[in-house]
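The values are calculated or read from the model by the stated rules, or taken from the named source; none is laboratory data. If you're wondering where the values come from, they're calculated on a predicted model, not measured in any experiment. Glycine gets a Cβ as well: all are built from the backbone with ideal geometry, and neighbour counts include every protein chain shown. Ligands, DNA and RNA are stripped out before the accessible areas are found, and what is left, the full protein with its side chains, is counted by its heavy atoms. Shrake-Rupley method; radii C 1.70, N 1.55, O 1.52, S 1.80 Å.
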Amino acid sequence: MNADDALELIRSRRSTRRFLDKPLEDEKLEQIIEAGRYAPSGGNSQTTHFLVIRKKEVLRELADLVRQEFSKMEVTEGMYRSLAAAVRASRDESYVFHYSAPVLILVANRRSYCNNMADSSCALENMMIMANALDLGSCWINQVHWLTDNPVIREYLAGLGIPGEACVCGGLAVGYPDTADGLPDRRPLPRTGNPVSYID
Ligand SMILES: Cc1cc2nc3c(=O)[nH]c(=O)nc-3n(C[C@H](O)[C@H](O)[C@H](O)COP(=O)(O)O)c2cc1C
């Protein structure tokens, strides 16, 4: 194990929001899912469900439904900035919340489980790091999480195998980045927040 390589993989992970229309090899996808499944879980619960969507028709239908449901929402004062941005973006017909990535992995968990977000976040981060290791782009996608209680989205998710007692904690768009050199942009954003204090 090389600690420097591990830190470099973590530091150079960036969000990719432009993807090539190119399928992902099964082997690479399996490695990403394996990384997610090997994330730790509270009390070793292992209740995280990975719904891997590759079917173009489903990706399109979900994108349409998400746009439709977001466009019904109002931007309110004090609304979380990214949520407000998604609501505004949904007024444009061309809005596709998953950036037309070839794969969208929805990460769901039991609604009643107190560590549902924590476990799912561990899994999502593991998958993002693995995607980076494979020279792939990825981006955390929150729209289905925000709409997890929306009846239209709920019904559609139930048809995909996410039952009502589950909630979508997050999602991950994965694919080949649409960049000049074909590699993800790996320049880290400067850390100006995330303070650290030591008590020695
Ligand atoms: C909890 C969480 C939710 C996020 N939701 C979205 C999202 O819905 N859409 C998106 O484009 N990026 C989303 N992101 C990505 C962040 O915008 C991104 O991590 C941040 O701007 C820092 O950029 P970097 O990932 O390139 O370092 C999310 C990230 C996190 C951790």
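Side notes on the structure shown:
- Applying the set (1) open to solvent by 40 Å² or more (accessible area, probe 1.4 Å); (2) within 14 Å of the ligand (Cβ to nearest atom) to SER138 leaves exactly one unmet item: (1).
- The one condition in (1) aliphatic (A, V, I, L, M); (2) open to solvent by less than 40 Å² (accessible area, probe 1.4 Å); (3) touching a helix residue (DSSP H, G or I) at 6+ places or on another chain (Cβ under 7 Å) that ILE10 fails to fulfil: (2)
- Selected residue (only one of GLY43, GLY36 is more than 18 Å from VAL144 (Cβ to Cβ) and in a helix (DSSP H, G or I)): GLY43
- Here the condition is being without any contact (Cβ under 8 Å) to a residue 12 or more places away in the chain, basic (Lys, Arg) and out of contact with any Gly (no Cβ under 9 Å at 6 or more places or on another chain); of ARG11, ARG54, ARG60, ARG37, it holds for ARG60 alone.
- If you go through the range 145-162 and keep only what is under 14 Å from PHE50 (Cβ atoms) and either open to solvent by less than 40 Å² (accessible area, probe 1.4 Å) or free of Cβ contacts under 8 Å to residues at least 40 places away in the same chain (or both), you end up with LEU157, ILE162.
- Sub-6 Å Cβ pairs linking a first residue in the range 177-198 that is under 18 Å from ASN132 (Cβ atoms) to a second residue that is at pLDDT below 95, at least 6 apart or interchain, number zero.
- Every condition in (1) away from the ligand (no atom under 15 Å from the Cβ); (2) of a type in the set (Val, Ile, Thr); (3) touching a residue at least 12 places away in the same chain (Cβ under 8 Å); (4) open to solvent by 20 Å² or more (accessible area, probe 1.4 Å) is met by ILE129 except one, and the failing one is (1).
- Looking only at the range 65-117, and only at residues there that are more than 23 Å from ILE53 (Cβ to Cβ) and of a type in the set (S, T, N, Q), the one that is farthest from the ligand (Cβ to nearest atom): SER112
- Taking the range 19-60 as the range and being in contact with a Phe, Trp or Tyr (Cβ under 7 Å, 6 or more places away or on another chain) and within 16 Å of the ligand (Cβ to nearest atom) as the test, the residues that pass are PHE19, GLY36.
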